[in-house]
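Notes for the one structure printed next.
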Amino acid sequence: MYHYILTRLLSGVVVIFGVSLLVFLMVRLVPGDPVEVMVGEFAQVADKDAIRERLGLDKPVLEQLVVYYQKLFQFDLGQSIHTQKNITDILLEKLPATAYLACVALLLAIVIAIPLGVIAAVHKGDAIDNGAMAFSLLGVSIPNFWLGPLLILLFSLHLNWLPVSGDEHAGAIILPAITLGTAMAAILSRMVRSTVLEVLTEDYIRTARAKGLKERVVVYKHALRNAMLPVITILGLQLGTLLGGAVITETVFSWPGIGSEMVDGIQNRDYPIVQACVLVISLLYVVVNVMTDIIYAWVDPRIRLAEGQS
């Protein structure tokens, strides 16, 4: 187990290094001048040179790379051009809101998807199954930028039940979480249905039924427990996607997270903020996936056995 964890951690470090290098090269090696993108081509040359010097873009690329990693190891992401604030402090302030939204959306998706997938699997081929799969197809098909405003119109403006935006009100998390978690619930429910259907054909399920166990015990204690292994992988991938994909949802609901901060940085042409947000979101995705691999191995001993034999 320790060897498996160490292997996954080392692979995660390699991926994180690659992601950070890609973020660095993304700005410096693409065609065009990032300073002109920030301030416009009609800005004064002196102003452009001052910003270029402040960002270190006037130095050779290799020297920039060394300075870049030195600052990363010190958790120094620079300063915002627009607000003059330390970017690390800004992201530490915004990160809890994004994590809170992602976790609530994930919990909502699990609460909806697991019962829905199990019920669809148990009633395979009948109206309940068709209705559940129609719901999942609808959830996947509706984009966040359309569902969010629709929920605002219905529950905030028409019914006046929930706040339109922000996080000041206790119920402000409900609409963003529904918007973000609906698509994940749809994907997860189809995955649960598929894996439960596969497990229900196994010999030990027939043996459990032959022993006279109640169908509820057979489905939830034996079938669902073993069907959850591939679902764990999907949960990890989707949590990473939620952390990175909350940009649109946070913008629609003015949720004060990293996603909305990145959009503000793009609108303000604040290149250091945008670069830092992309880097943090990418690193969160990598970390979540490495943790998912470790949890998967902990739940399924066959993974550890296969790793040890290799």
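The table below gives the values:
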{"quantity": "Residue count for segment 85-133, restricted to those that are part of a helix (DSSP H, G or I), charged (D, E, K, R) and under 30 Å from Ile273 (Cβ atoms)", "calculated": "3"}
{"quantity": "Residue count, segment 73-87 (criterion: in contact with a helix residue (DSSP H, G or I) (Cβ under 8 Å, 6 or more places away or on another chain) and modelled with pLDDT of 85 or more)", "calculated": "1"}
{"quantity": "Val14 vs. criteria farther than 15 Å from Pro272 by Cβ, β-branched (Val, Ile, Thr) and at pLDDT 85 or above", "calculated": "yes"}
{"quantity": "Where a residue in segment 138-149 is in the same structural domain as Ala177 (by TED's automatic domain parsing) and its partner, wherever it lies, is among the aromatic types (Phe, Trp, Tyr) and surrounded by 12 or more Cβ atoms within 10 Å (Cβ to Cβ), with Cβ under 7 Å and at least six apart", "calculated": "Gly148/Phe253"}
{"quantity": "Filter result (more than 25 Å from Val140 (Cβ to Cβ), at pLDDT below 85 and aliphatic (A, V, I, L, M)) within segment 160-192", "calculated": "Val164, Ala170"}
{"quantity": "Unique residue being of a type in the set (Val, Ile, Thr), in a helix (DSSP H, G or I) and modelled with pLDDT of 80 or more when the list is Val263, Val231", "calculated": "Val263"}
{"quantity": "Yes/no for Glu53 being at pLDDT below 85, more than 30 Å from Ser194 (Cα to Cα) and acidic (Asp, Glu)", "calculated": "yes"}
{"quantity": "Of all residues making up segment 98-121, the number that are surrounded by fewer than 19 Cβ atoms within 10 Å (Cβ to Cβ), over 29 Å from Ser165 (Cα atoms) and either outside the structural domain of Gly259 (by TED's automatic domain parsing) or touching a helix residue (DSSP H, G or I) at 6+ places or on another chain (Cβ under 7 Å) (or both)", "calculated": "1"}
{"quantity": "Residue match in segment 174-190 (condition: assigned by TED's automatic domain parsing to the domain that holds Leu243, farther than 23 Å from Leu243 by Cβ and either in contact with a Pro (Cβ under 6 Å, 6 or more places away or on another chain) or surrounded by fewer than 22 Cβ atoms within 10 Å (Cβ to Cβ) (or both))", "calculated": "no"}
{"quantity": "Residue among Glu202, Glu307 that alone is modelled with pLDDT of 80 or more and not aromatic (Phe, Trp, Tyr)", "calculated": "Glu202"}
{"quantity": "Some residue of segment 135-157 being surrounded by fewer than 17 Cβ atoms within 10 Å (Cβ to Cβ), among the small types (Gly, Ala, Ser) and within 21 Å of the chain's Cα centre (by Cα)", "calculated": "yes"}
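This table checks each residue for (1) exposed (fewer than 14 other Cβ atoms within 10 Å of the Cβ); (2) among the β-branched types (Val, Ile, Thr).
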position	(1), (2)
Val61	yes, yes
Val66	yes, yes
Gln70	yes, no
Phe75	yes, no
Gly78	no, no
His82	no, no
Ile87	no, yes
Leu92	yes, no
Leu95	no, no
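The values are calculated or read from the model by the stated rules, or taken from the named source; none is laboratory data. A quick note: this is a predicted structure, and the numbers were derived from the prediction, not measured. Cβ sites come from the backbone with ideal geometry, for glycine too, and all protein chains shown count toward neighbours.
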